[in-house]
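Q: This is the structure, below, for whatever I ask next.
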Amino acid sequence: MENYSIMLIVIFMFIIGNLIFVSKHKHLLIILLSLEFMVLSIFLLLMLILSCMNYNMYMLMVFLVFAVCEGALGLSILVSMIRTHGNDYFQSFSLL
């Protein structure tokens, strides 16, 4: 019973991260933070599921490697955008 309540909290965390991702689309930094929040909730959900099934936790290590690569790539895009445009607003530059 305890694991189900924790799973519901983690799913609620993921839904909140999605809502922030959809609603706050002006700043790149807020979008990256909401993506990292969703990755954290997916990590917690995977950890709960794998520990309930008594599986090895090697998949979590692979997931964390991809999450770190995603975070580093997002930060590099943020830094290059701030250097070229001066801010992280999506309205200040054109994609064309």
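Q: Going by what's in this entry, would residue 67 be described as farther than 28 Å from residue 6 by Cα and either assigned to a helix (DSSP H, G or I) or in contact (Cβ under 8 Å) with a residue 40 or more places away in the chain (or both)?
A: No; evaluated as a whole, the condition is false for this residue.
Q: Within the range 78-92, how many residues turn out to be loosely packed, with under 13 Cβ neighbours inside 10 Å, assigned to a helix (DSSP H, G or I) and either touching a helix residue (DSSP H, G or I) at 6+ places or on another chain (Cβ under 8 Å) or modelled with pLDDT of 85 or more (or both)?
A: Number satisfying all stated conditions: 3.
Q: When you scan the range 28-51, do you find a residue that is outside any helix (DSSP H, G or I) and either acidic (Asp, Glu) or closer than 28 Å to residue 82 by Cβ (or both), even just one?
A: no
Q: Turning to a different aspect of this structure: Could you go through the range 55-67 and let me know if any residue there is modelled with pLDDT under 90, aromatic (Phe, Trp, Tyr) and surrounded by 13 or more Cβ atoms within 10 Å (Cβ to Cβ).
A: no
Q: Then there is this: Of the residues that make up the range 9-28, is at least one surrounded by 15 or more Cβ atoms within 10 Å (Cβ to Cβ) and modelled with pLDDT under 85?
A: yes
The values are calculated or read from the model by the stated rules, or taken from the named source; none is laboratory data. All values derive from a computational prediction rather than experimental measurement. No Cβ is skipped: glycine too gets one built from the backbone with ideal geometry, and neighbour counts run over all protein chains shown.
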